[in-house]
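Every number in this text was worked out from the coordinates using simple rules, so none of it is lab data. Computed from a predicted structure; not experimentally measured. All Cβ positions, even for glycine, are placed from backbone atoms using ideal geometry, and neighbour counts span all protein chains on display.
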């Protein structure tokens, strides 16, 4: 009986090794077929820049049917091309297809010379300059502002300080109420010694923050996905999808220390935005001054920005026209999931067209 069992195991092992070798050979062939990994392929034009910040306007073969342009503002962490990862998974392309005139801010890659850039600088200088450029170019007194994740926090603050410049505000998976502990990132950030970290590093390395994000879901993000990678490598398109996502995940710019210090201390730790105590540009940010129409989008499965951080915005603003949109997916699925392409982007465009 024992000999039969041992023989059975040996045969199975030989079979599995053979199958693995076949997969490895196929994976090698697939890799040799890939010359370059393209991301952010939707055509765009550089229209404005200041310091390391660049403003792009996307090109579309379809004439914009929404007269007021949209300025998209991504987070400082990772790169904006998540909204345009590949042609068939592009939030940007779907907006263009639905008649939206779209601009986007590229925050660039900070260097040690930028360690003293503050939250005030990002909101009242860089973001304000980009808003004014789009207003002047389009002839619109107020533009549509769309903020994603931390970029949504920036846009909310900006809209409270400059409501006359914002016609409509759209926030996607945006942290507002930092009192929640529903996500591990929020629990960690409240107890992080931001002052010591910034005083030590000055410019916070991107790989350091990225390591923290990967540890939010250690098995899924560091083990499980790579266990299935060999199967993905059997198909060129699946492999390209995988590599594009990996490229985005590990394309992590460094962070200006003083801005990160203020974001961690004033928002994550002290929750000053919700309390009405946050000061930006020498003024107190009053969310009741956000009076323009608001579309606030949250993801029910978000492990980075939980719904309980995003949803309170609707109760804090002064807007009478405000809508809370539930997306059944995760933080990244908001931009690259099939449901995002089929439902969310068209819904955002329709919401803007109605206003």
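Miscellaneous remarks
- Restricting the calculation to Cα atoms, every distinct pair contributes to the Kirkwood radius of the stretch 44-353, found to be 19.8 Å.
- Peptides 124-135, 153-164 ranked from most to least packed, by the mean per-residue count of other Cβ atoms within 10 Å: 153-164, 124-135.
- Restricting the calculation to Cα atoms, the stretch 105-195 shows an Rg/Rh of 1.02 when the hydrodynamic-style radius is the Kirkwood one.
- The mean of 1/r over all pairs of different alpha-carbon atoms in the stretch 231-355, once inverted, gives a Kirkwood hydrodynamic radius of 17.5 Å.
- Each Cα pair under 8 Å and six or more residues apart adds its separation to the average, and for the stretch 75-181 the resulting relative contact order is 22 percent.
- From the alpha carbon centroid of the stretch 236-290 to that of the stretch 108-128 is 12 Å.
- Ranked 342, 322, criterion: other C-beta atoms within 10 Å, fewest first: 342, 322
- Estimated distance in nm for a label pair at residue 207 and residue 63, the labels positioned 7 Å out from Cα along Cα-to-Cβ: 5.2
- Segment residue 311-residue 355, extension gain: residue separation times 0.36 nm, minus the distance between their alpha carbons: 13.7 nm
- Length gained on full extension, residue 246 to residue 190: 17.3 nm, using 0.36 nm per residue less the C-alpha separation.
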